[in-house]
Amino acid sequence: MTKTSNQMWGGRFAAGNSDIMEAINASIDFDQRMAAQDIAGSRAHAAMLGAMGIVTDSDATAMREGLLTVLSEIEAGDFPFSKQLEDIHMNVEARLKEIIGEPAGRLHTGRSRNDQVATGFKLWVRDQFDAIDAALAALMKAFVGQAEAGAEWVMPGFTHLQVAQPVTWGHHMLAYAEMLDRDRARFADARKRMNTSPLGAAALAGTGFAIDRDMTATELGFDRPASNSLDAVSDRDFALEFLSSASICAMHLSRFAEELVIWSSAQFRFVTLSDSFSTGSSIMPQKKNPDAAELIRAKIGRIFGANVALMTVMKGLPLAYSKDMQEDKEQVFDAADNLMLAIAAMEGMVSDMTANVSELEKAAATGFSTATDLADWLVRELGLPFREAHHVTGALVAMAEKGGCDLPDLSLEQMKTVHEGITVSVFDVLGVHNSVASRTSFGGTAPVRVREQVARWKEHLG
């Protein structure tokens with residue numbers, strides 16, 4: 001088995017590592033996607049070293065300009081990544097030395113890979129917070145667009161996947177806008193909390209060099225430097241909060257994906273998905289499968305898994321840094337990629353789907369969906385206690401079920417056999433449109449309330 005020696009830190013070792021050690025130790029295959037963030041951190045550090053007189057102005061300038069050259073090579077796909085150099089940080093520094101020579105060796109003054117990687121990773125996660133916020137806003141606009149179009153369309157509202165009460169299409173769509181808005185708030189809250197700079201914490205104890213951590217924090221858009229060097233290099237709460245927020249958001253996407261799978265089936269026919277987000281069958285020519293929704297529903301498991309995996313990595317680690325923490329990035333990268341893809345696919349499906357209005361209304365009228373309206377009418381008009389009204393309504397439902405009809409199909413005479421006080425005005429509340437129109441309480445399903453909420457969301461989303 002061959003031995004290799006890492007020239008960036010190998011002075012302590014008489015012999016090099018085995019190939020297996022190199023393979024398990026290297027992270028360059030995945031952490032190279034943090035190149036822009038790592039270089040941004042190094043450029044800020046170089047500028048601070050120059051400003052504080054720790055390196056000469058000419059060396060600071062050479063490092064900053066050389067780092068831009070490295071970044072351009074990476075972005076152009078011309079950079080020769082090396083596993084022997086382990087990670088993006090040492091790959092960049094080694095290439096910088098080839099470009100500018102001896103000054104590159106001064107770049108690591110006053111810092112460690114521990115605070116360097118924590119800084120780069122925080123910057124990368126912060127960028128994901130911003131990208132996901134924009135993607136969620138676009139998805140919310142798609143739901144609001146559907147709500148505006150269908151403020152008056154009637155559909156069944158379900159509990160236990162059984163028809164419960166009629167609701168409007170717009171009301172159902174806006175329920176998801178509410179969920180996604182909470183997701184945005186969670187991401188924003190986590191972003192605010194994570195926005196402290198680890199740079200300058202060095203390995204774990206800070207540094208004896210007269211560095212200016214406020215300067216680098218400001219340069220990188222952090223609110224302030226992290227206050228404790230031990231915590232700064234060992235903290236991965238920001239990644240865990242990202243994954244936690246992503247998991248809740250993913251759960252919301254999965255819930256609507258499940259509804260789309262059900263609604264687009266031949267048994268429901270509530271919606272028609274566009275060809276852009278459906279596939280066919282290799283053997284059954286009639287099939288139009290909601291594969292995008294099904295894949296969203298499945299990919300969510302990867303996000304949940306990443307959350308559990310990183311919690312498990314972190315749960316037993318003493319302060320400060322341990323190599324276990326190298327396992328943080330692949331989990332977060334995969335979760336971020338899959339969440340962004342799921343949001344984009346969901347936006348496409350919501351924007352393109354067509355509600356089958358007649359099928360929705362037909363379904364809304366089934367399952368005695370206006371039974372609660374009847375019970376409420378008995379309370380309002382006849383002054384019955386609700387429990388008695390509930391009993392009377394139940395008897396009328398049983399009568400209709402036995403007769404093979406729905407509540408509006410019962411005659412007034414039949415209803416009077418259950419309670420003689422019932423009058424012809426009861427039929428005013430039994431139609432599904434009457435039902436939804438009556439639900440005017442704040443947050444209710446009435447079209448007038450849906451339009452108010454649509455206006456509010458449109459103003460909020462811009």
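Figures for the structure shown
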item: Within the stretch 216-245, tally of residues that are part of a helix (DSSP H, G or I) and open to solvent by 70 Å² or more (accessible area, probe 1.4 Å); result: 4
item: Selection count where residues are farther than 14 Å from T216 by Cβ and assigned to a helix (DSSP H, G or I), scope the stretch 40-62; result: 5
item: Looking only at the stretch 359-394, and only at residues there that are open to solvent by less than 20 Å² (accessible area, probe 1.4 Å) and of a type in the set (S, T, Y), the one that is farthest from A266 (Cα to Cα); result: T393
item: Candidates V117, V125, filtered to the one that is farther than 30 Å from H460 by Cβ and either within 31 Å of the chain's Cα centre (by Cα) or open to solvent by less than 30 Å² (accessible area, probe 1.4 Å) (or both); result: V117
item: Residues (part of a helix (DSSP H, G or I) and over 15 Å from E259 (Cβ atoms)) located in the stretch 148-169; result: E148, A149
item: Qualifying residue in the stretch 109-128 (condition: modelled with pLDDT under 95, of a type in the set (K, R) and touching a helix residue (DSSP H, G or I) at 6+ places or on another chain (Cβ under 9 Å)); result: yes
item: I132, sole failed condition from (1) in a helix (DSSP H, G or I); (2) more than 26 Å from the chain's Cα centre (by Cα); (3) β-branched (V, I, T); result: (2)
item: Unmet requirement for A149, which otherwise passes all of (1) of a type in the set (G, A, S); (2) surrounded by fewer than 20 Cβ atoms within 10 Å (Cβ to Cβ); (3) farther than 25 Å from F270 by Cα; result: (3)
item: Residue match in the stretch 196-208 (condition: open to solvent by less than 10 Å² (accessible area, probe 1.4 Å), of a type outside the set (G, A, S), farther than 30 Å from F143 by Cα and not in a helix (DSSP H, G or I)); result: yes
item: Residue that is farthest from the chain's Cα centre (by Cα), among those in the stretch 422-437 that are open to solvent by less than 70 Å² (accessible area, probe 1.4 Å) and farther than 18 Å from V397 by Cβ; result: T423
item: Number of the exception - A188 against (1) surrounded by fewer than 17 Cβ atoms within 10 Å (Cβ to Cβ); (2) small (G, A, S); (3) assigned to a loop (DSSP other than H, G, I, E, B); result: (3)
item: Residues that are among the charged types (D, E, K, R) and under 29 Å from G110 (Cβ atoms), drawn from the stretch 223-270; result: D223, R224, D231, D235, R236, D237, E241
item: Residue selected from the stretch 294-346 under the condition touching an Asp or Glu at 6+ places or on another chain (Cβ under 7 Å) and open to solvent by less than 70 Å² (accessible area, probe 1.4 Å), by the criterion nearest to A142 (Cα to Cα); result: A306
item: All positions within the stretch 69-113 that are open to solvent by 60 Å² or more (accessible area, probe 1.4 Å) and either in contact with a strand residue (DSSP E or B) (Cβ under 9 Å, 6 or more places away or on another chain) or among the aromatic types (F, W, Y) (or both); result: F81, Q84
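The values are calculated or read from the model by the stated rules, or taken from the named source; none is laboratory data. Predicted, not measured: the structure shown is a model, and the values here were computed from it. So basically every Cβ, Gly included, is an ideal-geometry build from the backbone, and we count neighbours across all protein chains shown. The accessibility values were calculated without ligands, DNA or RNA, using every heavy atom of the protein model including side chains. Shrake-Rupley method; radii C 1.70, N 1.55, O 1.52, S 1.80 Å.
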